[in-house]
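Input: one structure, supplied below.
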Amino acid sequence: MTKYEIMFIVKSTLEEAEIKKTAEELKKLVSNKKSKVIDMNEMGRKKLAYPINKELSGFYYVMTVETDHETIKEFDRKVSINENVLRHLIIKLESE
């Protein structure tokens with residue numbers, strides 16, 4: 001198992017319940033498998049450096065997970081087609 005850090009930005013124009021639902025769905029994508037979500041931080045609403053799809057701000061989330069490469073590939077595929085997510089970034093953390 002490898003540790004990854006996943007950051008994603010959810011549209012801020014959604015209702016608060018829909019934002020939380022989207023974040024939970026993305027968390028479940030990783031935790032449904034043999035994986036483990038170590039930490040999930042809600043960074044809150046932040047102004048974007050530049051407009052993305054006419055959005056000026058977004059809700060930032062950072063997740064630290066321990067999983068395999070196949071789960072990360074599936075997460076990447078599903079989050080890419082999710083219309084509520086503006087951007088996402090997956091970083092492989094160095095082993096200790």
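Here, each number is a calculation from the coordinates, and none is a lab measurement. All values reported here derive from a predicted model rather than from experimental measurement. In this analysis, Cβ positions are derived from the backbone assuming ideal geometry, glycine residues included, and neighbour counts consider all displayed protein chains.
Can you pull out every residue in region 21-32 that is out of contact with any Phe, Trp or Tyr (no Cβ under 7 Å at 6 or more places or on another chain) and part of a helix (DSSP H, G or I)?
Lys21, Thr22, Glu24, Glu25, Lys27, Lys28, Ser31
Please determine, by comparing only the residues of region 7-20 that are in contact (Cβ under 8 Å) with a residue 12 or more places away in the chain and assigned to a loop (DSSP other than H, G, I, E, B), which one is nearest to Leu48 (Cα to Cα).
It comes out as Ser12.
Output yes when any residue across region 14-31 is over 18 Å from Asn82 (Cβ atoms) and either over 12 Å from the mean Cα position of the chain (by Cα) or among the acidic types (Asp, Glu) (or both), and no when none is.
No, region 14-31 has no match at all.
Restricting region 2-32 to residues that are closer than 15 Å to Val79 by Cβ and basic (Lys, Arg), which is surrounded by the most Cβ atoms within 10 Å (Cβ to Cβ)?
For region 2-32, the residue satisfying everything is Lys11.
Across region 4-28, what is the number of residues that are within 15 Å of Asp39 (Cβ to Cβ) and among the aliphatic types (A, V, I, L, M)?
4
Residues checked against (1) among the hydroxyl-bearing types (Ser, Thr, Tyr); (2) over 18 Å from Tyr4 (Cβ atoms):
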site	(1), (2)
Lys34	no, no
Asp39	no, no
Ala49	no, yes
Ser80	yes, no
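Looking for whichever is under 20 Å from Ser95 (Cα atoms) and among the aliphatic types (A, V, I, L, M) here; the options are Val10, Val37. Which one fits?
Val37
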